[in-house]
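The values are calculated or read from the model by the stated rules, or taken from the named source; none is laboratory data. Quick caveat: nothing in here was measured; it's all calculated off a predicted structure. As a convention, Cβ positions derive from the backbone with ideal geometry for all residues, glycine included, and neighbour counts pool all protein chains shown.
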Amino acid sequence: MRKIFTPDHVDETADAVVIGGGIIGVATAFWLSRAGLSTIVVEMKDGLSTLTTTASIESFRAQFTEPAMAALARESIEVWENFAEVTGLEGYEIDLHHGGYMFCTLEEGMVDAVKETVAAYHAVGVTDSEFLTGDEVLRRYPWISPEVKAAAFRAKDGWFSAHEVTQGFARAAEKARFYVRTRATGIERDEKGVSAVVTDRGRIHTRVVVNAAGPFAITVARWLGVELPIYQMRRQRVFVAPHPKIPQNAPLTIDLENESYWRPETGGALLGWHDPEEQKTEPLEDPQGDWDFPAFNLEMVSRLSPFWTEIIDDLTKDDLSVYAGQYVHAPDDQPIIGPVESVPGFFLNCAYWPGVMLSAASGRWTADLIAGKMKNADNPLRLTRFEEGIEAPRGSFFRGQH
C-alpha cells in the first residue's frame with residue numbers, strides 16, 4: 001500500500017496524528033504503529049525529512065553526561081546498528097559508518113575538563129569513551145595539529161543516512177499513512193481533550209496528537225494556548241567536494257575551543273561551526289545559508305586540522321555547498337517528551353538540537369507514554385520538569401551545537 005502521498009482530502013479519523021514529518025515525527029509514527037494505533041503524519045513540505053533533518057550532519061554519539069540523553073543515545077544507536085531487524089525490512093541499509101567522534105582541545109588548561117567529562121560519560125554507562133593524550137591523538141591521526149593536548153574519543157560513534165532511516169521507518173510503519181504537502185492549521189478540543197487536527201486538506205478526528213513539528217513546535221502548541229519554553233536558532237553546514245587530501249578514515253573531529261567540526265563524506269567532507277553571532281529566530285520554512293559561511297568554517301577547522309589550509313587553495317565556488325536548518329532549544333538543552341497535562345491527548349516530542357541521533361529512542365518513549373507502557377512520572381524529559389525544578393547535570397561537550 002502506498003503510504004507517502006499528497007491527498008486530495010485527508011482521512012477523517014485516526015487513533016493518532018503526528019504533526020511533523022521529519023525523522024522525529026516519522027520515528028514516532030513507526031512506534032505508534034507498532035503499538036497498534038492507526039496513525040497519520042502530516043507534513044507541510046514536499047517530502048519527509050526535508051526541513052531540519054536534511055540539514056543535519058547525520059551523526060550520532062553516545063558521549064553525553066546527562067543520564068536521559070545518554071539513555072536515548074545508547075538505545076538509538078542500538079537501533080541504527082540493527083535497523084533491518086528492528087524494522088523488519090530485510091537487507092535494508094542506512095549507510096552506517098562507525099567513524100568515531102573526537103572532541104579535541106589545544107589548550108593545556110582544558111585537559112582536566114576533558115578527563116572529567118570522560119569520567120562523567122563512564123558514570124552514565126558510556127564506558128567505551130576514551131581519554132586520549134595529545135601524543136595518543138597524533139599516533140592515531142597524524143594530520144591533527146601537533147598542538148593538540150587531549151581528546152575524548154569513542155570509536156563506535158559515527159554517522160548514517162538520515163534520509164534512508166526516515167524512509168525505512170515510514171516503510172515499516174504498517175498502520176501509518178504519511179501526507180506530504182499537507183499543512184496542519186489548527187487543533188480542536190472538547191471537554192475530553194484534543195478532538196481533531198485541522199489541515200488545509202480537511203479535518204482528522206483523533207484523540208491523540210503528537211507535536212513533532214521541529215522549529216514550528218512552538219506554533220503548534222500555541223494553537224491550544226500552550227506556551228513552550230523553547231526557542232529556535234539557525235545552524236549552517238558546508239559540504240566540500242571530494243579532494244585527495246581529505247582523510248577518509250577520520251572521525252568526526254571537533255575543536256572544543258572554536259566549536260568547529262568536520263567529518264569525511266563520500267571522498268569530501270561535511271563541516272560545521274557554531275557561529276557565536278547567530279541569533280534566535282522565528283520558525284523558518286526555508287532557512288538559507290550565508291554565501292560567506294564556508295570561508296569562515298574552513299578557517300575554523302584549519303586550526304585543529306591544518307591540512308585544510310592546503311586544500312583551501314584548490315577549492316572553487318563549485319566545490320562548496322552551504323545549507324541551513326534550525327535547532328530548537330529548551331532551557332536545559334534537552335528534548336521535551338510526553339503529555340501536556342493541561343490538554344488531555346496532546347503530546348510533545350520536540351525541542352531537539354540532536355534530533356537525528358536520538359530519534360529512534362525518543363519515538364519509542366513517546367509511543368510508550370501514549371500507550372501507557374511508561375508513566376510520565378518516570379519520564380525525566382517531561383514538560384513539567386521545569387516547574388518541578390528538576391535539573392540535569394550540565395557537562396556534555398558541544399551542547400546544542402551539532
Open item on the list: Condition check: free of Cβ contacts under 8 Å to residues at least 60 places away in the same chain and not assigned by TED's automatic domain parsing to the domain that holds GLU278. Does ARG201 satisfy that?
Closed with: no
Open item on the list: Of all residues being farther than 30 Å from GLU108 by Cβ and of a type in the set (Phe, Trp, Tyr) in the range 149-192, which is surrounded by the most Cβ atoms within 10 Å (Cβ to Cβ)? Just the residue, please.
Closed with: PHE169
Open item on the list: From the list ASP319, ASP313, exactly one residue is touching a residue at least 60 places away in the same chain (Cβ under 8 Å), assigned by TED's automatic domain parsing to the domain that holds VAL148 and over 19 Å from the mean Cα position of the chain (by Cα). Which is it?
Closed with: ASP319
Task: Tally, over the range 295-338, of residues that are buried (at least 17 other Cβ atoms within 10 Å of the Cβ), among the aliphatic types (A, V, I, L, M) and in a helix (DSSP H, G or I) - done: 5
TODO: Tell me, please, whether a residue that is within 20 Å of VAL17 (Cα to Cα) and in contact with a Pro (Cβ under 7 Å, 6 or more places away or on another chain) can be found in the range 143-152.
DONE: no
Open item on the list: Going through GLY100, GLY21, GLY88 one at a time, which residue ends up being closer than 29 Å to VAL126 by Cα and buried (at least 18 other Cβ atoms within 10 Å of the Cβ)?
Closed with: GLY100
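Condition test on LEU358, is it touching a Pro at 6+ places or on another chain (Cβ under 8 Å) and surrounded by 24 or more Cβ atoms within 10 Å (Cβ to Cβ)? Talk me through it step by step, then tell me what you get.
On the way: touching a Pro at 6+ places or on another chain (Cβ under 8 Å): yes; surrounded by 24 or more Cβ atoms within 10 Å (Cβ to Cβ): yes.
So LEU358 fits the description; yes.
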Task: Matching residues in the range 265-294 - criterion: being buried (at least 17 other Cβ atoms within 10 Å of the Cβ) and either part of a strand (DSSP E or B) or touching a helix residue (DSSP H, G or I) at 6+ places or on another chain (Cβ under 8 Å) (or both) - done: GLU265, GLY268, ALA269, LEU270, LEU271, GLY272, TRP273, ASP275, PRO283, PRO287
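Yes or no, residue by residue, for (1) closer than 28 Å to THR281 by Cα; (2) out of contact with any Gly (no Cβ under 7 Å at 6 or more places or on another chain):
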{"residue": "GLN167", "(1), (2)": "no, yes"}
{"residue": "ALA170", "(1), (2)": "no, yes"}
{"residue": "THR182", "(1), (2)": "yes, yes"}
{"residue": "GLU188", "(1), (2)": "yes, yes"}
{"residue": "THR199", "(1), (2)": "yes, yes"}
{"residue": "VAL226", "(1), (2)": "yes, yes"}
{"residue": "ILE246", "(1), (2)": "no, no"}
{"residue": "ASN249", "(1), (2)": "no, yes"}
{"residue": "ASN258", "(1), (2)": "yes, yes"}
Open item on the list: Go through (1) out of contact with any helix residue (DSSP H, G or I) (no Cβ under 7 Å at 6 or more places or on another chain); (2) within 18 Å of ASP95 (Cβ to Cβ); (3) modelled with pLDDT under 95 for THR53 and report which single condition fails.
Closed with: (1)
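Does the range 149-157 contain any residue that is over 25 Å from GLY355 (Cα atoms), in contact with a helix residue (DSSP H, G or I) (Cβ under 6 Å, 6 or more places away or on another chain) and charged (D, E, K, R)? Show your work before the answer.
Just the residues of the range 149-157 that are over 25 Å from GLY355 (Cα atoms), to begin with: 149-150.
From what's left, in contact with a helix residue (DSSP H, G or I) (Cβ under 6 Å, 6 or more places away or on another chain): 149-150.
Narrowing the set further to residues that are charged (D, E, K, R) leaves 149.
Scanning the range 149-157 turns up at least one residue that is over 25 Å from GLY355 (Cα atoms), in contact with a helix residue (DSSP H, G or I) (Cβ under 6 Å, 6 or more places away or on another chain) and charged (D, E, K, R).
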Open item on the list: Going through ALA324, ALA367 one at a time, which residue ends up being within 24 Å of the chain's Cα centre (by Cα), among the small types (Gly, Ala, Ser) and assigned by TED's automatic domain parsing to the domain that holds ILE187?
Closed with: ALA367
Open item on the list: Take ALA70 and tell me if it is touching a residue at least 12 places away in the same chain (Cβ under 8 Å), under 30 Å from VAL208 (Cα atoms), hydrophobic (A, V, I, L, M, F, W, C) and touching a Phe, Trp or Tyr at 6+ places or on another chain (Cβ under 6 Å).
Closed with: yes
Task: Number of the condition not met by GLU147 [criteria: (1) without any contact (Cβ under 8 Å) to a residue 12 or more places away in the chain; (2) not assigned by TED's automatic domain parsing to the domain that holds GLU58] - done: (1)
